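What follows is a set of notes on a single structure, which appears directly below.
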Amino acid sequence: MPRPTSFGKDTGLQVRMAVTMFLLGLVYVVFIVALLAANVNGITVAIIAGGLAAVQLFASDKLALAAMGARVVSPQEAPQLHAMIERLCVQADLPKPRVAIANTRMPNAFALGRSPKSATVCATTGIMELLSPAELEGVMAHELTHVANRDVMIMTLAGFFATIAAYIVQFGFLFGGGRSYGNDDDSPSFMVLLLVSLVVYVVSFLLMQALSRYREFAADRGAAIITGRPSALASALQKIATGMHKIPEKDLRAAGELNAFFIFPAGVGKGIAGLFATHPPIEKRLAALARLESQLQGQVAA
């Protein structure tokens with residue numbers, strides 16, 4: 001099947017990312033104002049507003065790799081994986097990212113990094129053992145599409161906003177709000193900060209969920225166009241879903257913090273929990289890939 005030399009940008013995703021960052025920036029400004037209104041030291045506010053954000057943006061990939069027990073590998077250590085990614089990068093007109101492998105039975109893959117030039121793509125030993133070369137190629141093309149779309153950076157920043165707000169909410173409940181300051185006059189200000197932090201967390205969380213679901217559809221589409229084989233990615237997703245059920249729950253929970261970055265979530269929510277899932281239902285992803293398969297076959301026939 002002939003393949004295009006470039007899969008281009010997903011306009012819908014670009015618009016959603018821009019809107020997400022605008023709204024997150026808006027609630028973050030409110031958050032900073034609330035910190036100042038609560039008489040939080042200006043230096044502390046500056047650290048929260050700038051220092052921690054920089055750490056999140058520039059060091060989050062290293063922290064995530066460490067959390068997964070992953071390490072960057074050389075072409076000599078993983079020649080087939082490197083060769084596969086090199087071919088896909090040529091097809092997608094991308095600079096080759098760093099390649100990492102996580103030694104875990106959980107079949108998964110993810111991409112990290114603030115830009116295509118600083119990206120890292122990671123596959124687990126479990127997914128490399130489970131999938132055929134064509135299926136693994138579809139998975140890695142999916143991750144490279146995330147890199148090309150730069151949606152990893154947006155998710156990283158959104159996660160930072162939610163994390164800081166969550167910490168303040170936890171701190172407030174742990175120490176009883178303004179009472180920890182030892183001054184009754186401070187209590188109303190701190191309660192306002194607590195309320196604003198809660199709102200920032202909820203808004204950030206909902207925006208992340210909405211963006212995360214759409215970006216998975218966009219990455220599936222990009223992978224299908226890069227490889228020209230939507231059916232291979234669909235087969236990979238089905239195998240991953242089946243393989244995930246064989247992983248102990250404690251291992252899935254341990255990896256849950258990176259769910260938004262995985263190609264398939266570690267543990268699938270059911271019922272109400274499914275409404276807040278980071279990924280669209282696998283049935284919808286498979287249906288979208290089937291439509292792409294028909295479209296590509298139709299183009300070839302024409």
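The values are calculated or read from the model by the stated rules, or taken from the named source; none is laboratory data. Since we're looking at a predicted model, the values are computed, not measured. Every residue, glycine as well, gets a Cβ built from its backbone with ideal geometry; the counts of neighbours run over all protein chains shown. Heavy atoms of the whole protein, side chains included, go into the accessibility calculation; ligands, DNA and RNA do not. Shrake-Rupley method; radii C 1.70, N 1.55, O 1.52, S 1.80 Å.
Structure notes:
- A 1.4 Å probe run over the protein chains yields, for the stretch 78-128, 39 Å² of accessible area per residue, whole-number rounding.
- Members of Lys62/Lys96; Lys62/Lys284; Lys246/Lys284 lying beyond 28 Å, as alpha-carbon distances in this model show: Lys62/Lys284
- Peptides 229-239, 145-155, 114-124 ordered by packing proxy, namely the average of other Cβ atoms within 10 Å per residue, highest first: 145-155, 229-239, 114-124.
- Separation in nanometres of the label points that stand 7 Å from Cα toward Cβ, at Ile47 and Ala134: 5.5
- Test item: Cα-centred dipole of the stretch 69-160, Lys/Arg +1 and Asp/Glu -1 on Cβ, debye: 340
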